[in-house]
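*Asks:* One structure, pasted below without further comment.
The values are calculated or read from the model by the stated rules, or taken from the named source; none is laboratory data. Here the structure is a predicted model, which is why all the values come from computation and not from measurement. With ideal geometry, Cβ positions are generated from the backbone for all residues, glycine too; neighbour counts draw on all protein chains shown.
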Amino acid sequence: MSDQSVRTAWGGIADGRFKKSGFFHVGNQDGVSWLVDPDGGRFLSKGVNTVRFDQDEIQGTTRVPYAETCARKYGSIDTWRSKAGQRLAGFGFNTLGCWSDQAVANHVKLAFTPNTELGLSFVKQVNAKGGARQEFPDVFDPAFESHVAATARTICATDLGNPHLLGRFIDNELRWGPDWRGQDEPLSLFLNLPPHSFGRRAAITWLAGRHGDIAAFNAVWRLHAATWETLETIERITPVHSRKPPLDRDPAAEMRADRADPARPAFFADCDDFLGVVAERYFSLTTTALKAADPDHLVLGSRFAFPPPPSVIAAAGRHLDVISLNCYVDDPSAVLSAFQDCGKPCLIGEFSFRATDSGLPNTSGAGPVVATQKERAAAFTRYATTALRHAGVVGYHWFEHADQPREGRFDGENSNFGTVTIEDDVYETLTAAMAALNRDAETIHARAASVS
């Protein structure tokens, strides 16, 4: 089944369909999306996250068990880098995913995909000053535009002209809606920013233009604001409705809730449409900043944790080179379908499966848990094959390189996510399945047009 065509040094198929540019770019052939490697090869990004010597301190300590193991085994970080890179290439991977040590690419011809944290770094900067906390960057604050421009210039200066850099992620799993962090909609978060803040004013101005009469707004939001001006003085605006994260929603239950309260659909329409305005500004400013600082490399999106409302996907499609999404489910079809009309290719930035026979607790961490490493390998193969059969998919990145500490990392995660154990022993069944699938990936994807 594997494609026997000649491959470039990057691992892409050298069949003359695309032109050499010296950098990674995007292409389309017969309705199927591809990345194109610096030598013009037809390329899919097959990656692993967190390929690093110092992966995962035990929560509340400075101990890094994986680093302790590798220091004994290899003697130096550079020797580990060489071995880890060669091993990943042997598994058929061609990309260092997010949070990886890009120096590994100095030993093996691998691409890398760092995260710039343009939005998150602004949130951290604002919150460090004290006072009311942001949970999503206030994109209407003029300081946001200047921050992302300056941050992009600083970050991009390091790898200007580097052909190993496939592209940069803007952020990771910003809060685009209800999720594990809470049920608040981003519109509620903006309305509860400090009075007279740029984001709160922008939200109220937008709502005033949408509803016109304050009474019409009050009827939907169950508030008693006398004027639009007094709305800004309310200390805490508590949403009258809530909903589950997108993947957890039951359409039938949503319909019943809407019938029970005719104002509910209007409330969530406010939330989703305002989020489209936020997304337009966020993706416009961040993409512009990265392209101005480095026009040669791809902008890979902000790694959505869940499919956001269509208004957000549309904004992302207008600005990004590639849309990235993290997708911890058994079958990614439904998630990928949400992005199929976005007009841009998609990269799965994280997915994984864990097994109980690893001996790790697996009590904290995302994604399905199976019984054995054999089942884990089969789940990988099913998932990646399904993804490749979607014409818009240009890659998939496994989370992650090594297992987490059984005591829990910084956030308590303690799962069997690794291609290797915390003792740096390879999961042979899993990685054999990865090598086989990675070898066949281009052949599977080239047929996507006929099965989409």
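*Asks:* Look at Asp270 and say whether it is touching a residue at least 24 places away in the same chain (Cβ under 8 Å) and either outside the structural domain of Ala150 (by TED's automatic domain parsing) or assigned to a helix (DSSP H, G or I) (or both).
*Replies:* On the way: touching a residue at least 24 places away in the same chain (Cβ under 8 Å): yes; either outside the structural domain of Ala150 (by TED's automatic domain parsing) or assigned to a helix (DSSP H, G or I) (or both): yes.
Yes.
*Asks:* Right, next: Specify which of the listed residues (Ala379, Ala432, Ala436, Ala334) is outside any loop (DSSP other than H, G, I, E, B) and either surrounded by 22 or more Cβ atoms within 10 Å (Cβ to Cβ) or touching a Ser or Thr at 6+ places or on another chain (Cβ under 6 Å) (or both). Full working, then the answer.
*Replies:* Numbers: Ala432 fails: either surrounded by 22 or more Cβ atoms within 10 Å (Cβ to Cβ) or touching a Ser or Thr at 6+ places or on another chain (Cβ under 6 Å) (or both); Ala436 fails: either surrounded by 22 or more Cβ atoms within 10 Å (Cβ to Cβ) or touching a Ser or Thr at 6+ places or on another chain (Cβ under 6 Å) (or both); Ala334 fails: either surrounded by 22 or more Cβ atoms within 10 Å (Cβ to Cβ) or touching a Ser or Thr at 6+ places or on another chain (Cβ under 6 Å) (or both).
The match here is Ala379.
*Asks:* Sticking with this structure for a sec: Sort through Pro245, Pro239, Pro251, Pro265 and tell me the only one that's in contact with an Asp or Glu (Cβ under 6 Å, 6 or more places away or on another chain) and more than 24 Å from Ser302 (Cα to Cα).
*Replies:* Only one candidate qualifies: Pro265.
Here is a yes/no grid of residues against (1) crowded, with 21+ Cβ neighbours inside 10 Å; (2) part of a helix (DSSP H, G or I); (3) in the same structural domain as Val36 (by TED's automatic domain parsing):
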position	(1), (2), (3)
Thr158	no, yes, yes
Pro163	no, no, yes
Arg168	yes, no, yes
Asp171	yes, no, yes
His196	no, no, no
Ala203	yes, yes, no
Trp206	no, yes, no
Gly209	no, yes, no
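*Asks:* Being of a type outside the set (D, E, K, R), more than 27 Å from the chain's Cα centre (by Cα) and assigned by TED's automatic domain parsing to the domain that holds Gly349 is the requirement here; does Thr95 meet it?
*Replies:* No, not satisfied.
*Asks:* Touching a residue at least 24 places away in the same chain (Cβ under 8 Å), closer than 27 Å to Gly182 by Cα and either surrounded by 16 or more Cβ atoms within 10 Å (Cβ to Cβ) or of a type outside the set (D, E, K, R) (or both): is that true of Gln134 in this structure?
*Replies:* It is true that Gln134 is touching a residue at least 24 places away in the same chain (Cβ under 8 Å), closer than 27 Å to Gly182 by Cα and either surrounded by 16 or more Cβ atoms within 10 Å (Cβ to Cβ) or of a type outside the set (D, E, K, R) (or both).
*Asks:* Tell me which residues, restricted to region 103-134, are in a loop (DSSP other than H, G, I, E, B) and farther than 23 Å from Leu290 by Cβ.
*Replies:* Scanning region 103-134 gives His107, Val108, Lys109, Ala128, Lys129, Gly130, Gly131, Ala132, Arg133.
*Asks:* If the Cβ limit is 7 Å and pairs must be 6+ apart or interchain, which residue in region 52-77 that is in the same structural domain as Val420 (by TED's automatic domain parsing) pairs with which residue that is surrounded by 12 or more Cβ atoms within 10 Å (Cβ to Cβ) and basic (Lys, Arg)?
*Replies:* Asp56/Arg409; Glu57/Arg63; Glu57/Arg409; Gln59/Arg409; Tyr74/Lys83
*Asks:* Looking only at region 224-238, which residues are closer than 27 Å to Ala260 by Cβ, under 36 Å from the mean Cα position of the chain (by Cα) and not in a helix (DSSP H, G or I)?
*Replies:* Of everything in region 224-238, those that are closer than 27 Å to Ala260 by Cβ, under 36 Å from the mean Cα position of the chain (by Cα) and not in a helix (DSSP H, G or I) turn out to be Ile234, Arg236, Ile237, Thr238.
*Asks:* What's the total number of residues in region 337-376 that are in a helix (DSSP H, G or I) and surrounded by fewer than 22 Cβ atoms within 10 Å (Cβ to Cβ)?
*Replies:* Count: 7.
*Asks:* Would you mind finding the one in Asn49, Asn115 that is touching a Cys at 6+ places or on another chain (Cβ under 6 Å), modelled with pLDDT of 95 or more, closer than 24 Å to Gly365 by Cα and buried (at least 24 other Cβ atoms within 10 Å of the Cβ)? If you could, list the steps in order and put the result at the bottom.
*Replies:* Working: Asn115 fails: buried (at least 24 other Cβ atoms within 10 Å of the Cβ).
Being touching a Cys at 6+ places or on another chain (Cβ under 6 Å), modelled with pLDDT of 95 or more, closer than 24 Å to Gly365 by Cα and buried (at least 24 other Cβ atoms within 10 Å of the Cβ) holds for just one of Asn49, Asn115, which is Asn49.
*Asks:* For region 312-331: of the residues being over 20 Å from Val277 (Cβ atoms) and within 16 Å of the chain's Cα centre (by Cα), which is surrounded by the fewest Cβ atoms within 10 Å (Cβ to Cβ)?
*Replies:* Val329
*Asks:* Shifting gears a bit: Those residues that are modelled with pLDDT under 95 and of a type in the set (A, V, I, L, M, F, W, C), I need them from region 1-43; list them, please.
*Replies:* Within region 1-43, Met1, Val6 meet the criteria.
*Asks:* If a residue has to be under 23 Å from Gly161 (Cα atoms) and under 16 Å from the mean Cα position of the chain (by Cα) to count, how many in region 280-301 make the cut?
*Replies:* Kept after step one, since they are under 23 Å from Gly161 (Cα atoms), are these residues of region 280-301: 285-301.
Retained after the next criterion (residues that are under 16 Å from the mean Cα position of the chain (by Cα)): 286-287, 298-301.
Result for region 280-301: 6.
*Asks:* Okay, moving on. Output the qualifying pairs, or none if there are none: Cβ atoms under 7 angstrom, residues six or more apart or on different chains, first residue in region 30-41 and polar (S, T, N, Q), second residue modelled with pLDDT of 95 or more.
*Replies:* Correct list of pairs: Ser33/Val26; Ser33/Pro345; Ser33/Ala391; Ser33/Gly392; Ser33/Val394.
*Asks:* If I go through region 239-258 residue by residue, how many of them are assigned to a loop (DSSP other than H, G, I, E, B) and either in contact (Cβ under 8 Å) with a residue 24 or more places away in the chain or touching a strand residue (DSSP E or B) at 6+ places or on another chain (Cβ under 7 Å) (or both)?
*Replies:* Qualifying residue count, region 239-258: 7.
*Asks:* Can you tell me which condition Ala219 does not meet? The list is (1) part of a helix (DSSP H, G or I); (2) in the same structural domain as Leu110 (by TED's automatic domain parsing), and all the others hold.
*Replies:* All conditions are met except number (2).
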